[in-house]
Amino acid sequence: MIFNETRLGGAFILELEKREDSRGFFARTFCQHEFAEHGLKPVIAQANVAFNKTRGTLRGMHFQYPPAPETKLVRATRGAILDIIVDLRPESPTYLQHVAVELTADNHRALYVPERFAHGYQVLEDGTETSYQVGEFYAPGTEGGLHYADPRLGLSWPLPVGEISPKDAAWKKLEEIEPELKRRMSK
């Protein structure tokens, strides 16, 4: 695997290191040793899949508070998404900054999302499927989210938002939750 760190410390775009021949290619998509060598949490507690019927669908912006913060390794296995992560570490010099990455079945990229980051994506093609390897078990009592259209975050979605869950549409804006967010996300 080829690890490319983003401008948000600890967040990586992973490219495949392909071994190609006449059949196609073979590549490693996860290795505990390589993740640990890059300072990443090499634990998979759950593996999830999301199928999205229509382009424009938006999922996010999700996170889990400590004591159960999640890491995520996200990949589009069919179709394409624009994946956006937001740094929620109050002590970080990139607090509230974000990175957007296009993940497609064709580019085979993955995005490693560190603990204490919000994560969401918009579907760019009908029939898109995403795969997540998550480093912590889902804990409903630690769940949080940010409003996808909060002007303070400055997130730019490429398509009008089509489908979105009522829960994702109802996440509050930062001005309403930031004191609690900072308190609960602080190390």
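Read the figures in this text as sums done on the coordinates, not as results from a lab. Computed from a predicted structure; not experimentally measured. Using ideal geometry, Cβ is built from the backbone for each residue, glycine included, and neighbour counts are taken over all protein chains shown.
Table for the structure above
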quantity: From phi via Karplus (6.51, -1.76, 1.60), per-residue ³J(HN,Hα) for region 62-75 in Hz, x at Gly/Pro; calculated: 9, 7, 10, 6, x, x, 10, x, 9, 9, 9, 10, 10, 9
quantity: Residue-count net charge about Glu17 - beta-carbon cut-off 11 Å; Lys, Arg +1, Asp, Glu -1; calculated: 0
quantity: Prolate/oblate/rounded label for region 14-141 (Cα gyration tensor, a/c 1.5); calculated: oblate
quantity: Rg/Rg_ref, region 68-174, where Rg_ref = 2.2 N^0.38 Å and atoms are Cα; calculated: 1.05
quantity: GNM result for the chain, Cα springs below 10 Å: residue of Leu58, Leu73, Leu153 fluctuating most strongly; calculated: Leu153
quantity: Fluctuation leader among Ser156, Ser131, Ser22 - the chain, Gaussian network, Cα springs under 10 angstrom; calculated: Ser22
quantity: Sites Phe30 and Val161, calculated FRET efficiency, Cβ-Cβ separation with R0 45 Å, nearest 0.05; calculated: 0.90
quantity: For the chain: relative contact order, % (alpha-carbon pairs under 8 angstrom, 6 or more apart); calculated: 29 percent
quantity: Among Glu17, Glu70, Glu125: highest mean-square fluctuation, GNM of the chain, C-alpha pairs under 10 Å; calculated: Glu17
quantity: Cut-off under 5 Å, modelled amide H: who pairs with Ala45 long-range; calculated: Val134, Gly135, Glu136
quantity: Residue-wise HN-Hα coupling along region 141-157, computed from phi with Karplus coefficients 6.51, -1.76, 1.60 (Hz; x: Gly, Pro); calculated: x, 10, 6, x, x, 10, 6, 4, 10, 4, x, 5, 6, x, 6, 10, 8
quantity: Helix 174-185 axis, angle to the chain major axis (alpha carbon atoms, nearest 10°); calculated: 70 degrees
quantity: For region 156-187 and region 2-26, distance of Cα centres in Å; calculated: 30 Å
